[in-house]
Amino acid sequence: MTDKKYVIAMDQGTTSSRAVLFDRSGSIVSMVQKEFRQIYPKPGWVEHDPMEIWSTQMGVTMEAMQRIDARADEIAAIGITNQRETTVVWDAVTGRPVYNAIVWQCRRTSGIIDKMKADGWEETVREKTGLLPDAYFSASKLGWILDNVPEAAELAKAGRLRFGTVDSWLLWNLTDGRVHATDRTNASRTMLFDIRKLCWDDDLLGYFRIPKSVLPEVRPSSGIYGYTDRFGGGIPVCGVAGDQQAALFGQCGFGPGDAKNTYGTGGFMLMNTGGDAVRSKNGLLTTVAASADETVNYALEGSVFVAGAAIQWLRDEMRMLRTSSQSEEYCRAVPDSNGVYVVPAFSGLGAPYWQQYARGTIVGLTRGVSKEHFVRATVESLAYQTNDLITAMKEDAGIEINSLRVDGGASANDFLMQFQSDISGISIQRPSCVETTALGAAYLAGLAVGYWADKDEIKRNWRREREFLPQADEKTREKLLKGWRRAVKCAEFWAKEENDGESE
Ligand code: ADP
């Protein structure tokens with residue numbers, strides 16, 4: 001037990017850096033956020049300036065402390081959570097990055113991955129890392145820097161080069177270069193980490209010609225990584241986890257079967273599978289979940305490419321809404337979608353379909369279809385896609401999901417939450433604190449120093465703001481889901497025809 005007042009979460013996201021101060025009840029006492037530059041050097045390439053990541057993160061943290069006049073000696077711990085997979089490489093002697101951070105969205109290494117698949121590595125990657133070979137993960141990004149930035153190759157030879165995901169980069173700077181480490185959840189997104197043996201994999205390192213000397217040490221997500229003097233006194237940095245894993249932890253998803261779904265721009269579902277690294281038959285990824293101690297928990301992960309983004313599309317391109325939240329009024333103005341289905345496969349379909357050529361599809365139009373029906377069908381698509389992930393997870397893990405904890409911008413939509421509950425036949429639980437990513441990082445850090453005694457204390461902090469229980473009868477539910485499956489088939493058919501056409 002410590003008498004210090006607050007825990008800081010550094011939440012370093014894809015578009016902004018945020019700092020959140022929490023008190024012992026898990027309530028937010030101060031929060032500051034700052035956006036930073038997105039750099040697009042070529043079509044499909046996405047970079048960030050690592051110095052800007054660092055300076056914005058420092059800036060918001062100082063401001064969040066200053067706003068409530070918090071001193072360093074009142075801070076029990078710092079936790080870091082971050083955009084995953086984004087790759088930073090720097091010189092250990094000067095502390096300078098040798099290249100911009102290559103962001104998870106960047107597709108520049110697609111060719112490297114195509115070659116890897118052609119070389120027959122798909123099964124090995126699945127087995128060792130729980131992932132599917134993709135440019136999204138860090139491995140090919142680091143390989144690209146070593147092959148294309150002469151300074152990086154030279155520094156690597158001299159043993160001076162350091163690689164890290166954003167958590168490592170922040171940690172290294174916070175500790176003035178004393179600590180070069182990452183946590184297991186971030187390591188599990190590099191496509192270089194053996195998630196069962198919990199070590200860097202020599203074969204994969206060999207494939208990308210990555211020397212071991214550049215890699216961070218991998219540690220559990222909760223524990224003292226080091227101390228920072230940056231805020232005017234030694235504060236332990238003692239929690240680290242990738243954003244989605246932090247959110248699962250912040251939702252108290254500690255045990256097998258606990259699941260959370262984030263309805264953000266995209267959608268991310270994670271289900272804790274306990275000590276079993278479950279291999280998916282339905283195109284989900286296997287990843288390491290954050291734990292409060294040395295024990296390893298795994299999770300199945302599924303993502304929806306277009307979730308809240310479909311609502312933005314209604315607002316910005318279709319100009320049917322003034323605000324995202326207005327979508328709810330339209331949904332409630334009609335009793336159903338009048339037989340319309342919208343499949344927002346703007347950039348293909350992810351799990352469990354994996355159809356990269358699928359495109360958005362609207363089916364079931366009749367003369368009576370109004371704007372209200374159209375908006376409702378689009379909002380419903382978020383729930384249908386989420387339901388597909390729930391079904392895939394249940395099948396893969398053989399675990400019943402009885403309730404789903406939710407967060408993210410679109411989880412504020414009560415209509416959507418009720419509809420999710422109806423078609424999935426499960427209870428939907430919305431917490432009062434939806435800043436679950438930051439909260440998860442704070443919990444991991446606070447547990448390491450006894451600010452919170454144990455997971456039970458944290459569980460008592462989780463407060464339900466609202467629960468949604470299934471109200472639809474089985475027949476209606478089946479009918480709706482059947483329609484959705486047929487609509488997805490139409491989107492897939494579109495992809496298939498184009499591919500057949502191309503191969504002719
Ligand atoms: P991210 O962290 O991915 O940027 P957020 O969690 O902030 O996203 O969620 C923003 C998304 O949620 C936007 O796509 C927005 O359209 C959607 N959204 C916000 N409020 C609502 C609402 N009431 N109903 C439906 N969608 C909403």
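The values are calculated or read from the model by the stated rules, or taken from the named source; none is laboratory data. Everything numeric in this text was worked out from a predicted model, so none of it was measured. Neighbour counts run over all protein chains shown; Cβ positions are idealised from the backbone, glycine included.
Here is how the numbers come out for the structure above:
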read-out: In the range 315-353, residue surrounded by the most Cβ atoms within 10 Å (Cβ to Cβ) [restricted to those that are more than 16 Å from the ligand (Cβ to nearest atom) and over 23 Å from residue 411 (Cβ atoms)]; value: 340
read-out: Matching entry among 66, 38, 57 (being within 28 Å of residue 136 (Cα to Cα) and more than 16 Å from the ligand (Cβ to nearest atom)); value: 57
read-out: Among the residues listed as 26, 44, the single one being of a type outside the set (A, V, I, L, M), out of contact with any strand residue (DSSP E or B) (no Cβ under 8 Å at 6 or more places or on another chain) and under 18 Å from residue 250 (Cβ atoms); value: 26
read-out: Neighbours by Cβ (under 8 Å, 6+ apart or cross-chain): first from the range 364-376, surrounded by fewer than 17 Cβ atoms within 10 Å (Cβ to Cβ); second of a type in the set (Phe, Trp, Tyr); value: 371/330
read-out: Residue that is nearest to the ligand (Cβ to nearest atom) [pool: residues in the range 214-260 that are under 10 Å from the mean Cα position of the chain (by Cα) and among the polar types (S, T, N, Q)]; value: 244
read-out: Tabulated pairs, the range 182-195, first closer than 10 Å to residue 287 by Cα, second aromatic (Phe, Trp, Tyr) and outside any loop (DSSP other than H, G, I, E, B), C-beta under 7 angstrom, 6+ apart or interchain; value: 187/193
read-out: Test: residue in the range 27-49 that is in contact with a Lys or Arg (Cβ under 8 Å, 6 or more places away or on another chain) and under 13 Å from residue 78 (Cα atoms); value: no
read-out: Count - residues of the range 403-429 that are over 17 Å from residue 390 (Cα atoms) and either more than 10 Å from the ligand (Cβ to nearest atom) or among the acidic types (Asp, Glu) (or both); value: 1
read-out: Counted residues, the range 108-130 - those being assigned to a loop (DSSP other than H, G, I, E, B), at pLDDT 95 or above and surrounded by 19 or more Cβ atoms within 10 Å (Cβ to Cβ); value: 1
read-out: Single condition residue 284 does not satisfy, out of (1) within 16 Å of the ligand (Cβ to nearest atom); (2) farther than 30 Å from residue 74 by Cα; (3) surrounded by 24 or more Cβ atoms within 10 Å (Cβ to Cβ); value: (1)
read-out: The one condition in (1) surrounded by 15 or more Cβ atoms within 10 Å (Cβ to Cβ); (2) among the β-branched types (Val, Ile, Thr); (3) within 16 Å of the ligand (Cβ to nearest atom) that residue 15 fails to fulfil; value: (1)
read-out: Search result, residues across the range 20-30 that are within 16 Å of the ligand (Cβ to nearest atom) and buried (at least 18 other Cβ atoms within 10 Å of the Cβ); value: 20
read-out: Criterion violated by residue 356 - all others in (1) closer than 30 Å to residue 277 by Cα; (2) surrounded by 14 or more Cβ atoms within 10 Å (Cβ to Cβ) satisfied; value: (2)
read-out: Failed criterion for residue 164 (all others in (1) in contact (Cβ under 8 Å) with a residue 24 or more places away in the chain; (2) buried (at least 18 other Cβ atoms within 10 Å of the Cβ); (3) outside any strand (DSSP E or B) hold); value: (3)
read-out: Residue pairs meeting the criteria (Cβ under 9 Å; at least 6 apart or on separate chains; first among the aromatic types (Phe, Trp, Tyr), in the range 259-273; second away from the ligand (no atom under 14 Å from the Cβ)); value: 268/301; 268/302
read-out: Among the residues listed as 94, 81, 87, the single one being at pLDDT 95 or above, farther than 23 Å from residue 453 by Cα, within 22 Å of the chain's Cα centre (by Cα) and of a type in the set (S, T, N, Q); value: 87
